[in-house]
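See structure below.
The values are calculated or read from the model by the stated rules, or taken from the named source; none is laboratory data. As the structure is a computational prediction, the values presented were derived from the model and not from experiment. Note that we place each Cβ from the backbone using ideal geometry, even for glycine, and neighbour counts take in every protein chain shown. Each accessible area value is taken on the protein alone, full model and side chains, heavy atoms only, with ligands, DNA and RNA left out. Shrake-Rupley method; radii C 1.70, N 1.55, O 1.52, S 1.80 Å.
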Amino acid sequence: VIRHFKINQNDFDPKPENAITIAVSTRVLFNMEKEQQIYERQGLEEYIKYQVEHETEPFSPGPAFSFVKALEAVNTQLRELYPDSEELFDVVLMTNNHAYVGLRLINTINHYQLFIERFCMTGGNSPIGYLKAYHTNLYLSADAAKVHEALEEGIAAATMFTPEKMKEVSETQLRVAFDGDAVLFSDESERIYKAHGLDKFFEHEKEHENKPLDHGPLKGFLEVLGKLQKKFYGKGQRMACPIRTYLVTARSAASSGTRALKTLRSWGLEIDEALFLAGAPKGPMLEKIRPHIFFDDQMFHVEGAAEMGTVACHVPYGIAQRAAKRGRKGEETPSGLK
């Protein structure tokens, strides 16, 4: 395929085998709520007709838009320091939309001057099978079922939600906030807490503080962020690094924080800021941090963050999900928070 547009950009595009690939669905990159309602209420043919009739009208930004723009800002600064490096973020647009919608998506991407060259449009089929072929490091979707499917394939994934009013975030520094247990770490400690209560949890963590926790589904994403951070550190830009990471955990520092920090150290990973909240709500702290994206395994914290304007993602992993499913009588997580 010969591409005649954005030809000057091709020299700077990351190569797929070396890139840090972020796969995003169209429904999180752009606001497609109206179109989704047409699809659900009137069917596929009316949906396609509407998209074709409005293909010159750009979609408005969705919850992942600022995150993607921040990835591009990091790429710009990486290229300045390492002109020949291919270790850059590469965004792939993943959608089960039909190719009929492709022109409107391309027009929208060009409207916002986004550097997204790779599309995967599967015409009604699930795109999850393609994620490994794209060497995906993170997959973001509004569809909880697809996120479950990706996690089962061993791919870091999360369901992204749209706050009613998103807080303004930095345009020059990428900020990523992680919960600990069942996100960066396994759900080992969460299982102890659920089965035996808080006292046994504290006792277990104290006894095992020198034994690293097993990895959780997003450990690999923190690793690639750390790898890029070290490229900036290598040029003397530790304090000016455009990537900043946060651990925001309900653990308490004195009784269970040691194991979390020692685990990260054993992995050779740094976290820029660690906030141990001892069970306090995370929303107010995240409002101060203003991350582009926050990952948590419990919907309670996701909802609390979203209510205060943070773009929050649910990682449906670990023992907490079974309890949540029982509470919802088997229903999937909804695709939006009101």
(message) When you scan segment 89-107, do you find a residue that is surrounded by fewer than 21 Cβ atoms within 10 Å (Cβ to Cβ), under 29 Å from Glu35 (Cα atoms) and among the hydroxyl-bearing types (Ser, Thr, Tyr), even just one?
(response) yes
(request) For segment 48-90, name all the residues that are under 21 Å from Gln173 (Cβ atoms) and in a strand (DSSP E or B). (result) Pro61, Phe89, Asp90
(message) Could you check segment 205-248 and list, in sequence order, the residues that are of a type in the set (Lys, Arg) and closer than 30 Å to Ile192 by Cα?
(response) Lys206, Lys211, Lys219
(request) Quick one: in segment 20-47, of everything that is assigned to a strand (DSSP E or B) and not β-branched (Val, Ile, Thr), which residue is surrounded by the fewest Cβ atoms within 10 Å (Cβ to Cβ)? (result) Asn31
(request) Specify which of the listed residues (Met94, Met121) is touching a residue at least 60 places away in the same chain (Cβ under 8 Å) and either assigned by the TED database to the domain that holds Leu225 or of a type in the set (A, V, I, L, M, F, W, C) (or both). (result) Met94
(request) Look at Lys69 and say whether it is surrounded by fewer than 22 Cβ atoms within 10 Å (Cβ to Cβ) and closer than 30 Å to Lys227 by Cβ. (result) yes
(request) Please identify the pairs in which a residue from segment 217-233 that is over 20 Å from Ala158 (Cα atoms) has its Cβ atom under 8 Å from the Cβ atom of a residue that is open to solvent by 10 Å² or more (accessible area, probe 1.4 Å) and of a type in the set (Lys, Arg), counting only partners at least 6 apart or on another chain. (result) Phe232/Arg238
(request) Determine which member of the set Gly180, Gly226, Gly197, Gly216 is touching a Lys or Arg at 6+ places or on another chain (Cβ under 9 Å), open to solvent by less than 50 Å² (accessible area, probe 1.4 Å) and farther than 15 Å from Leu81 by Cβ. (result) Gly180
